[in-house]
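Chemist: One structure coming up, written as structure tokens, with questions to follow.
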Amino acid sequence: MRYKDDTERSESSGHQKRPRKNRGVPPPATFDIDALPGSANLTALEAAAVIRRTPGALEQWRRNPNHPLKWRYVDGRPLYRVDAMREYLAGNVKTAKSSRPHSVPEDGRATRP
């Protein structure tokens, strides 16, 4: 049986579409991270807003125990301390990739074919 649109289908079958998570970069943080005490905790969404990454990126980073951005779990939810965020931001000033071509060795001499 064909339905004219999804609303008729969802109402008649009793199924509702599950809302999808917004996996994009959240809007900039509405608070000043420098004004917060170092012991304050940020949620994953707040931390993503501060460093301008997606929550999914933070989720991937949490799979690597050696990642420089440190977190801890409280009641099963990841929380990021403000002092850890500041430390990460201070050590991560250069985020752009190097403009040096792959063929140039570390000492700066170009290789000849």
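Chemist: So for the pair Asp34, Arg20, with labels modelled 7 Å out along Cα→Cβ, what separation do we get in nm?
Modeler: 3.8 nm
Chemist: Let me ask you something else. Pulled fully out, how much extra length does the chain show between Glu87 and Lys70, if you take 0.36 nm times their separation in residues and subtract their Cα-Cα distance?
Modeler: Gain on extension, Glu87 to Lys70, equals 5.2 nm.
Chemist: Can you give the net charge of the other residues whose Cβ lies under 15 Å from the Cβ of Pro78, counting K and R as +1 and D and E as -1?
Modeler: Here the charged neighbours net out to +4.
Chemist: Something else now. Compute the signed sum of charges (Lys and Arg +1, Asp and Glu -1) over the other residues within less than 13 Å, Cβ to Cβ, of Asn41.
Modeler: +1
Chemist: For a quick check: with amide H placed at 1.01 Å from N, whose amide H comes under 5 Å from Phe31's, ignoring anything fewer than 5 positions away on the same chain?
Modeler: So Phe31 has HN proximity to no qualifying residue.
Chemist: Can you give the translational diffusion coefficient of region 25-82 in µm²/s, computed by Stokes-Einstein from the Kirkwood radius over Cα pairs at 37 °C and 0.692 mPa s?
Modeler: 280 µm²/s
Chemist: Give me the 1.4 Å probe accessible area per residue for region 9-85, excluding ligands and nucleic acids, in Å².
Modeler: Counting only protein heavy atoms, the per-residue value for region 9-85 is 72 Å².
The values are calculated or read from the model by the stated rules, or taken from the named source; none is laboratory data. Nothing here was measured: the structure is a model prediction, and the numbers come from that model. FYI the Cβ positions are ideal-geometry reconstructions off the backbone, even for glycines, and counts take in every protein chain you see. With ligands, DNA and RNA removed, areas are computed over all heavy atoms of the protein, side chains included. Shrake-Rupley method; radii C 1.70, N 1.55, O 1.52, S 1.80 Å.
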